[in-house]
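So the structure is just underneath, and the comments pick up after that.
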């Protein structure tokens, strides 16, 4: 896929863009959403901005991918089969391997009570659907640049 030229100011890694040879590692984002079209939209927009992206179709699969792949940021839908986004968020926060990974809830549940519940469970950001792709990229990029919760940075990579 051909990508446009980016500058250090718009590169989500915070450095100059570069290929796989010697360039900085691309931030990893795990997208978890049960709606194929939304998942594809999230993945496309993040990949176009230079993120390395993997996707999962529900909270259970998302947990498995997160534990195996160790993303830098996770986006979670709230209403999903098998394991909803709030339960997945609780599980991510409970596991020491993923407790510090920033999480963005990307959901159609936009009531103040829904947002408060997500924040109480440890969500780092809340993006109601429908969303502007530029807003998604900005939120994920900001969390990726800030590193893991508490500023620890990606572990072991």
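Nothing in this text is a laboratory measurement; each read-out follows from the coordinates by a stated rule. The shown structure was predicted, so the numbers you read here are calculated from the model rather than taken from an experiment.
Cα centroid separation, the stretch 113-128 to the stretch 57-99: 14 Å.
Between residue 40 and residue 134, the contour length at 0.36 nm per residue exceeds the alpha carbon distance by 32.3 nm. If you bin all the Cα-Cα distances of the stretch 28-139 at 5 Å, starting from zero, the percentages per bin are 2, 13, 27, 28, 20, 9, 1.
Under the definition of Cα pairs under 8 Å and six or more residues apart, what whole-number percent is the relative contact order of the stretch 28-139?
The normalised contact order for the stretch 28-139 reaches 24 percent.
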